[in-house]
1. Would you confirm, using the coordinates I've provided, whether residue 57 is out of contact with any helix residue (DSSP H, G or I) (no Cβ under 6 Å at 6 or more places or on another chain), at pLDDT 95 or above and within 14 Å of residue 14 (Cβ to Cβ)?
2. Please go through segment 44-68 and pick out each residue that is assigned to a helix (DSSP H, G or I) and either open to solvent by 90 Å² or more (accessible area, probe 1.4 Å) or among the hydroxyl-bearing types (Ser, Thr, Tyr) (or both).
3. Under 7 Å between Cβ atoms, which residue pairs at least 6 apart in sequence (or on different chains) link something in segment 35-53 that is within 21 Å of residue 23 (Cβ to Cβ) with a partner that is of a type in the set (Lys, Arg) and surrounded by 15 or more Cβ atoms within 10 Å (Cβ to Cβ)?
4. Report yes if residue 41 is farther than 22 Å from residue 13 by Cα, at pLDDT below 95 and open to solvent by 70 Å² or more (accessible area, probe 1.4 Å), otherwise no.
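The values are calculated or read from the model by the stated rules, or taken from the named source; none is laboratory data. Note that the structure is predicted; figures quoted are calculated from it, not measured. Cβ placement follows ideal geometry from the backbone for every residue including glycine, while neighbour counts extend to all protein chains displayed. Each accessible area value is taken on the protein alone, full model and side chains, heavy atoms only, with ligands, DNA and RNA left out. Shrake-Rupley method; radii C 1.70, N 1.55, O 1.52, S 1.80 Å.
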Amino acid sequence: MAETKKPTKAAVVKTVDDLKKELAEKRHDLLQAKRSHAAGELVNPKALRSLRKDIARLLTQINEKESK
């Protein structure tokens, strides 16, 4: 029997609206993480860096899709 492959993250096509919603969520998460870090409650400060990188990746994808 042939096995069906699950789509990878890169194979999933998202619309610009989906990307913008995800961007808004990431920005909200970053704001909350910054507040937690300032209060000394953030356990892993590397989370700030990963959130910033995720935001940059989303912005790049949005700009690529809008320029086409």
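1. Working: out of contact with any helix residue (DSSP H, G or I) (no Cβ under 6 Å at 6 or more places or on another chain): yes; at pLDDT 95 or above: yes; within 14 Å of residue 14 (Cβ to Cβ): yes.
When the stated conditions are applied, residue 57 passes them.
2. Here is the first cut: in segment 44-68, the residues assigned to a helix (DSSP H, G or I) are 46-67.
Within segment 44-68, 46, 49, 50, 52, 53, 57, 60, 63, 64, 66, 67 meet the criteria.
3. If the second residue must be of a type in the set (Lys, Arg) and surrounded by 15 or more Cβ atoms within 10 Å (Cβ to Cβ), the pairs left are 51/26.
4. Spelling it out, residue 41 is indeed farther than 22 Å from residue 13 by Cα, at pLDDT below 95 and open to solvent by 70 Å² or more (accessible area, probe 1.4 Å).
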